[in-house]
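A.B. asks: Structure below; questions to follow.
Read-outs: derived from the displayed coordinates by stated rules, not from any lab. Quick caveat, the model's predicted, so the values are computed rather than measured. Positions of Cβ are backbone-derived with ideal geometry, glycine not excepted, and every protein chain shown enters the neighbour counts.
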Amino acid sequence: MTLTLLPDVGDLLRLSPQYNAGTVVELLRFLGASEVWWATGLDPDHPLRDALPAARIGIRDVSPDWAFADAEYHQLTNFLNQYPQGRERLRAAGQAERALSAALAEPLSAVRVTSPELLDAARAYHAATRTALDEGPGTRWQERRLSELAAALQGQSGVVLVALDDLPGLQTLIPESILPDLTNFAPGELSRVRALVDRAWQLNEGDDLGALLAALDRESGDLVTPKAELDAAAASIHLAVGDLAAARALLERAAHGLTDLPRSLPGLTLARLGQVRDAQGDRDLAVRTYRAVLALNHAPAIARETAEAGLKVPFSLEIPATD
């Protein structure tokens with residue numbers, strides 16, 4: 001019985017054209033996995049919480065709830081920050097974290113996230129943090145947490161999704177575990193379309209908006225990135241330049257194409273549609289749209305916050321003046 005450890009990079013999936021939620025789905029299909037052991041973070045808005053169920057890949061949670069460890073970590077750092085020696089220890093830990101962040105800032109791919117170079121960077125980060133702050137609250141109880149994970153996975157087989165920085169430690173505790181053999185793997189259409197939409201959601205100054213809109217319009221969508229999300233992403237571009245009519249038309253089309261999966265999309269789409277209707281002065285319909293967001297079984301935190309704010313104060317869009 002073999003466990004294959006697949007690295008998770010959390011929200012960096014949204015920023016990595018070659019290692020995004022679509023790529024992970026393709027990797028799991030390449031590995032022949034119809035389900036995955038979830039041994040990474042408990043963030044309900046994790047991009048794979050949307051992508052995997054939408055792709056009909058099951059999730060089996062084994063990650064223990066160690067949220068209290070974050071609170072203890074912050075208590076420790078606040079305490080240490082009161083003393084010169086404590087601040088020196090925090091500087092050493094901060095340097096280790098910056099080194100890992102720098103390694104993760106380089107372009108990610110399926111090959112790179114499983115590379116000895118990046119896994120060694122994760123090992124070095126935890127070793128330096130442990131040296132600076134000791135095992136316990138300073139490491140968010142990593143040794144105990146990984147021991148619990150290893151025990152939960154004892155005797156199991158399949159693919160385990162594990163936070164990249166936890167992977168080396170978990171592999172040590174489960175010596176029979178392996179990394180995926182990516183010799184014949186190449187990202188495909190799911191990865192490409194996901195990268196396009198992730199890019200459209202994060203506009204930068206100087207972007208060719210016309211090219212982005214044309215690219216979005218050419219796609220028909222798939223299970224991970226359906227047509228409704230392509231329309232919603234295009235609407236966000238129109239909204240960014242103040243074209244409310246085009247944004248509303250696309251969002252209303254997206255709303256009519258919504259299904260239960262991906263589970264975050266209805267909330268995000270309706271919250272933005274409520275804002276556009278508000279900005280056009282259609283307050284009654286905007287309020288009903290915000291309430292529809294709050295009535296959903298699942299809506300991302302940002303969608304709920306947007307809807308709650310919209311119910312209190314009508315949304316207005318400020319368009320910068322142009323010469």
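A.B. asks: Choose one answer from Glu219, Glu106, Glu26: the residue with the largest mean-square fluctuation in a GNM of the chain with alpha-carbon springs under 10 Å.
C.D. replies: Glu106
A.B. asks: If you fit an axis through the alpha-carbon atoms of helix 227-240 and take the longest principal axis of the Cα set of the chain, what angle between them do you get, 0 to 90°, nearest 10?
C.D. replies: For 227-240 against the chain, the angle is about 70 degrees.
A.B. asks: If you average the sequence gap of Cα pairs under 8 Å that are 6 or more apart and divide by the length of the chain, what percent do you get for the contact order?
C.D. replies: The normalised contact order for the chain reaches 22 percent.
A.B. asks: Calculate, in nm to one decimal, what Thr259 and Asp181 gain on full extension: separation in residues at 0.36 nm each, minus their alpha carbon distance.
C.D. replies: 24.6 nm
A.B. asks: Once both axes come from the Cα atoms, what is the angle between helix 244-256 and the longest principal axis of the chain, in degrees from 0 to 90, rounded to 10?
C.D. replies: 70 degrees
A.B. asks: While we're on this one: Assuming R0 = 41 Å, what is the FRET efficiency of Ala152 and Ala105, from their Cβ-Cβ distance, to the nearest 0.05?
C.D. replies: Once rounded, the FRET efficiency stands at 0.80.
A.B. asks: Mind giving me the FRET efficiency for Glu189 and Leu42? R0 is 41 Å, r the Cβ-Cβ distance, nearest 0.05 is fine.
C.D. replies: Efficiency at R0 = 41 Å is approximately 0.85.
A.B. asks: Using 7 Å Cα-to-Cβ label points, what is the Arg91/Lys312 separation (nm, one decimal)?
C.D. replies: It works out to 4.1 nm between the two label points.
A.B. asks: Let me ask you something else. How large is ³J(HN,Hα) for each residue in segment 7-19, as worked out from phi by the Karplus curve 6.51 cos²θ - 1.76 cosθ + 1.60 (θ = phi - 60°), to whole Hz, x for Gly and Pro?
C.D. replies: Working through the residues one at a time gives x, 10, 10, x, 5, 5, 4, 6, 10, 10, x, 9, 8 Hz.
A.B. asks: Could you work out [θ]222 nm for the chain from helices alone, using -39500 (n - 2.57) per DSSP H run of at least four and dividing by all its residues? Round to the nearest 500 deg cm²/dmol.
C.D. replies: Estimated from H runs of four or more residues: -17500 deg cm²/dmol.
A.B. asks: Shifting gears a bit: Helix 189-200 against the longest principal axis of the chain: what's the angle in degrees, Cα atoms only, rounded to the nearest 10?
C.D. replies: Rounded to the nearest ten degrees, it is 70.
A.B. asks: Between Ser115 and Asp61, what is the FRET efficiency for a Förster distance of 45 Å, r being their Cβ-Cβ separation, to the nearest 0.05?
C.D. replies: 0.95
A.B. asks: Considering only DSSP beta bridges where both residues belong to segment 1-184, give the percentage that are antiparallel (nearest 5).
C.D. replies: Bridges in segment 1-184 that DSSP calls antiparallel: roughly 0 percent.
A.B. asks: Run the paramagnetic zone check for Ala127: 7 angstrom along Cα to Cβ, then residues of segment 166-204 with backbone nitrogen under 20 Å.
C.D. replies: 166-175
A.B. asks: Here's a follow-up. Any chance you could run the full-extension gain for Asp11 through Tyr83? It's 0.36 nm times the residue separation minus the Cα-Cα distance, nm to one decimal.
C.D. replies: That pair, Asp11 and Tyr83, stretches by 22.5 nm at full extension.
A.B. asks: Ranked from highest to lowest mean number of other Cβ atoms within 10 Å per residue, what is the order of the peptides 80-89, 144-153, 165-174?
C.D. replies: 165-174, 144-153, 80-89
A.B. asks: Quick one: Trp38, Trp141, fewest Cβ neighbours within 10 Å first, how do they rank?
C.D. replies: Trp141, Trp38
A.B. asks: Amide H neighbours of Thr4 under 5 Å, at least 5 residues apart or on other chains, H built in the peptide plane: list them.
C.D. replies: Here Gly158, Val159, Val160, Ile178 satisfy the definition.
A.B. asks: In which sequence would Phe315, Phe185 go, from the one with the fewest C-beta neighbours within 10 Å to the one with the most?
C.D. replies: Phe185, Phe315
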